[in-house]
Amino acid sequence: MRTRGGEAPAAVTATDVVGTVVADAFREEWGRITAALIHQTADWDLAEECAQDAFTQALRRWPRDGVPNRPGAWLMTVARNGAIDRLRRSSTYRAKVEELAVMAARETDTDNPEPAVDDSAVPDERLRLIFTCCHPALAMEARVALTLRTLTGLSTAEIARAFLVPEATMAKRLVRAKQKIANARIPYRVPRASALPERVPGVLAVLYLVFNEGYAASAGDDLIRRDLCDRAVILTQVLAELLPGEPEAKGLLALMLFHRARQAARVDDQGDLVTLEDQDRARWDQAQMGVARRYLAEALAAGQRPGQYQVQAAIAECHAAAPVAQATDWPRIARLYQYLADMTGSPVVELNRAVAVAMADGPAAGLALLRRLEADGALAGYYLLPATRADFLRRLGRLEEAARAYEEAAALAGTAPERRFLNARLAEVRSQPA
Amino acid sequence: MRYMLIHAADPDLAGLWDDEAQATFSDWVEETIRTRVNLQGSRVRPSADATTVKIRGGELIITDGPYAETKEQVAGYDLLECASLDEAVRWAGRHPSSWTGAIEVRALPEWAPAEPLPAPADGKVRYMMLVCTDPAVDPREFDRVEPVDPWVEESDGKGIRLYGSELEPPGSARTVRVRKKQAIVTDGPFAETKEQIAGFDVLECDDLDEAIEVARRHPMARLGLLEVRPFWPFGAD
């Protein structure tokens with residue numbers, strides 16, 4: 001693939017090809033480069049600027065010079081050289097410059113940044129970066145923004161669009177987060193092993209939030225939101241690889257992959273949501289489900305008490321295993337939800353358990369569980385509570401009550417597709433003879 | 001007697017800190033040190049750099065931000081040796097942070113130490129740890145609070161805790177605000193929040209994680225809140 005000077009026969013379409021190669025490299029390498037530069041310079045802005053410059057140079061030089069054998073190492077070297085130049089100009093960071101220069105000299109000369117050593121020698125600093133970006137002393141929204149900007153290279157404008165806030169607000173959030181890291185001295189390191197059980201759940205929560213923000217696709221720019229899903233998956237993959245002793249990371253990865261495998265079947269041609277029951281299962285991505293199954297099996301094989309992501313992934317696996325909706329193993333799903341409810345105490349989990357019980361033992365049994373939830377009041381104002389009751393009542397043939405519950409749910413629903421779905425069901429029960 | 005002046009800045013009045021205020025501040029520091037009234041003191045970073053630590057149901061909960069959302073925010077402290085509360089209040093009225101916010105004057109118990117802080121250690125960062133009450137915790141629980149001595153001994157032994165003391169109850173505090181050159185002295189603390197400062201410690205740590213580790217071991221982590229706020233290093237912007 002690599003060509004030099006006059007012998008560049010593929011140059012006709014090279015720009016397009018190279019554009020794709022650079023885009024791939026961006027996804028693969030951005031986080032690795034910023035993580036290494038932050039480690040060496042302790043300067044987050046410098047790291048981002050130099051990573052950005054390296055990719056800009058790649059777009060300019062690769063079509064002309066050919067794509068280097070190890071694009072990641074090339075980018076890392078160019079970014080590091082850029083950092084050395086900038087620091088030299090500011091002249092106050094002599095020690096850092098020397099450290100960087102020693103590392104750079106070992107690998108390459110500046111004009112031809114093709115590294116002389118295997119890039120596996122470059123330590124993967126992304127784990128430090130993940131733990132720092134997801135530090136509990138930062139507000140959740142700051143952790144999410146910082147993770148997306150620094151680890152995946154999503155631009156401030158893109159993150160702002162994905163989370164429906166003005167770009168200036170998002171920029172300020174990122175600046176604030178970096179200031180706090182510096183001023184309060186949030187360390188740039190992986191917590192020691194004994195602290196991992198306390199810190200890993202916080203990191204997984206950030207990744208799952210990013211994924212869900214993309215998966216829900218209830219508002220905002222669809223393309224960017226799908227991109228959020230992919231980025232969350234990639235980061236979780238990195239985490240699962242770098243922390244092989246943490247089965248919950250694999251569990252979360254499996255859960256994300258099971259969900260993403262159903263993405264194509266979740267929305268119909270009109271952009272309306274299709275329930276799991278009504279989805280065209282031929283459109284599920286079986287290859288991706290296979291990968292998810294493997295990760296889940298690996299997580300469970302660790303022999304620890306399964307955490308919430310593994311249990312949720314196991315539930316997703318039950319759905320994935322059913323060739324048709326009628327073949328779903330609802331008793332097993334109900335048991336898994338029971339396990340999850342005991343673990344989390346979450347009323348939303350309890351609502352899902354009611355749905356599973358209604359499928360396993362009939363809608364009357366589900367309705368009994370719902371009554372307890374309604375009396376408890378924790379889900380007041382949540383549209384899925386009356387929507388679920390409406391569904392149970394419809395299946396019990398209590399159509400009058402079902403219609404009233406659908407109306408209640410439609411009034412609470414947040415998005416147009418949700419309201420359209422509920423109103424369609426409402427029309428259905430109204431048209432049936434009582 | 002020793003008194004803590006808690007400086008609280010009002011963001012709306014920040015513009016009033018002018019050259020005159022700066023000169024008055026320099027004179028105040030110079031005079032209180034020369035007369036041996038001032039034992040120690042520092043600015044602290046703004047509340048956006050604060051982290052609050054507590055333990056509930058056995059679980060460590062770390063949050064971004066100060067112990068309470070107040071309009072005026074803790075911005076620094078001084079520890080004074082004075083003959084009486086009135087004298088400490090007079091010093092507070094002469095400090096220009098009473099123009100741009102408020103100064104709460106709190107007595108330390110009789111037995112509080114009178115040491116100055118040692119010179120900063122290289123590569124370490126200092127934190128002010130505010131020990132606060134949590135209104136959500138039933139006051140009857142306080143009968144069950146463990147003694148703080150083992151924590152003090154442990155933290156001193158590691159060289160992490162440089163100073164610290166309980167404060168006399170907020171009911172005996174005075175708060176000084178100077179508006180249009182007139183000192184307005186009120187009874188009670190600067191903030192009318194249910195959360196109240198009950199004591200403070202000065203910690204010197206490698207990083208925030210170490211400060212959090214020390215804070216979580218404090219007996220009040222289970223019953224109150226511990227706010228960890230970095231010092232504003234002298235001369236830094």
Using a Förster distance of 56 angstrom, determine the FRET efficiency expected from the C-beta separation of A:ASP269 and B:ASP206, and round it to 0.05. 0.45
Lys and Arg at +1, Asp and Glu at -1: neighbours of A:ARG27 with Cβ under 9 Å from its Cβ sum to -3
What distance in nm lies between label points placed 7 Å from Cα along the C-beta direction at B:ARG179 and A:ASP124? 6.0
Using a 10 angstrom cutoff on alpha carbons, build the Gaussian network for chain B and name the most mobile of B:VAL145, B:VAL89, B:VAL44. B:VAL145
GNM on chain A, Cα springs under 10 Å; top mean-square fluctuation among A:ALA327, A:ALA409, A:ALA79 goes to A:ALA327
Divide by every residue of chain B the summed helix terms, -39500 (n - 2.57) for each DSSP H run of at least 4, and state the resulting mean residue ellipticity at 222 nm, rounded to the nearest 500 deg cm²/dmol. -6000 deg cm²/dmol
For a protection proxy built on the mean count of beta-carbon atoms within 10 angstrom, sort B:162-175, B:52-65 highest first, please. B:162-175, B:52-65
In Å, descending, principal axis extents of the Cα set of the protein assembly as shown: 88, 80, 49
Taking 0.36 nm per residue of separation and subtracting the Cα-Cα distance, what length does fully extending A:ALA321 through A:GLU428 add? 35.5 nm
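How shielded is A:183-192 by partner chains, expressed as the average number of their Cβ atoms within 10 Å of its Cβ atoms?
That average works out to 5.
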Net charge of neighbours whose Cβ lies under 12 Å from the Cβ of A:ALA195, counting Lys and Arg as +1 and Asp and Glu as -1: 0
Report the gain in length on full extension from A:ALA157 to A:ARG61: 0.36 nm times residue separation, minus Cα-Cα distance, nm rounded to one decimal. 31.9 nm
Kirkwood-based Rg/Rh on the Cα set of region B:181-233 evaluates to 1.09
For region A:128-234, what relative contact order do you get, as a whole percent, if you take Cα pairs closer than 8 Å and at least 6 residues apart? 31
Kindly provide the helix-only [θ] at 222 nm of chain A, computed as the sum of -39,500 (n - 2.57) over DSSP H runs of four or more divided by all residues, to the nearest 500 deg cm²/dmol? -22500 deg cm²/dmol
Between B:ARG90 and A:ALA378, what's the calculated FRET efficiency when r is the beta-carbon distance and R0 is 41 Å? Round to 0.05. 0.15
Kindly state, to the nearest 0.05, the FRET efficiency for B:GLU146 paired with B:THR193, given R0 = 22 Å and r defined as their beta-carbon distance. 0.30
Could you name the lysines whose alpha carbon sits less than 21 Å from that of A:LYS180, not counting residues in the same chain fewer than 8 places away? A:LYS172, B:LYS54, B:LYS71, B:LYS124
Please say if region B:90-209 is rounded, prolate or oblate, where rounded means a/c under 1.5 for a ≥ b ≥ c the square roots of the C-alpha gyration tensor eigenvalues, and otherwise the choice is prolate for a/b larger than b/c and oblate otherwise? oblate
Sequence-separation-based contact order of chain A, relative, with Cα cut under 8 Å and 6+ spacing, percent: 9
For region A:382-434, the dipole about the Cα centre with charges only on Cβ (Lys and Arg +1, Asp and Glu -1), to the nearest 20 debye, works out at 100
For region A:382-434, compute Rh as the Kirkwood radius over C-alpha pairs and then the Stokes-Einstein diffusion coefficient at 25 °C and 0.890 mPa s; write the answer in µm²/s, rounded to an integer. 234
Have a look at A:ALA314, A:ALA51, A:ALA424 and tell me which one the Gaussian network model of chain A (Cα, springs below 10 Å) gives the largest fluctuation. A:ALA424
Given charges at beta-carbon only (K, R positive; D, E negative), |dipole| of the protein assembly as shown in Debye: 1100
Run the numbers for B:GLU30 and B:LEU16: contour at 0.36 nm per residue of separation, minus the present Cα-Cα distance, in nm. 2.9 nm
How many percent of Cα pairs in region A:123-243 exceed 26 Å? 16
Roughly how many nanometres apart are two label points built 7 Å out from the Cα toward the Cβ at A:ALA368 and A:VAL291? 4.4
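Computed from the coordinates by the stated procedures, all read-outs in this text should not be read as laboratory data. It should be emphasised that the depicted structure is a prediction, and the values quoted were computed from it without experimental measurement. Cβ coordinates were reconstructed from backbone atoms using ideal geometry, including for glycine residues, and neighbour counts include every protein chain displayed.
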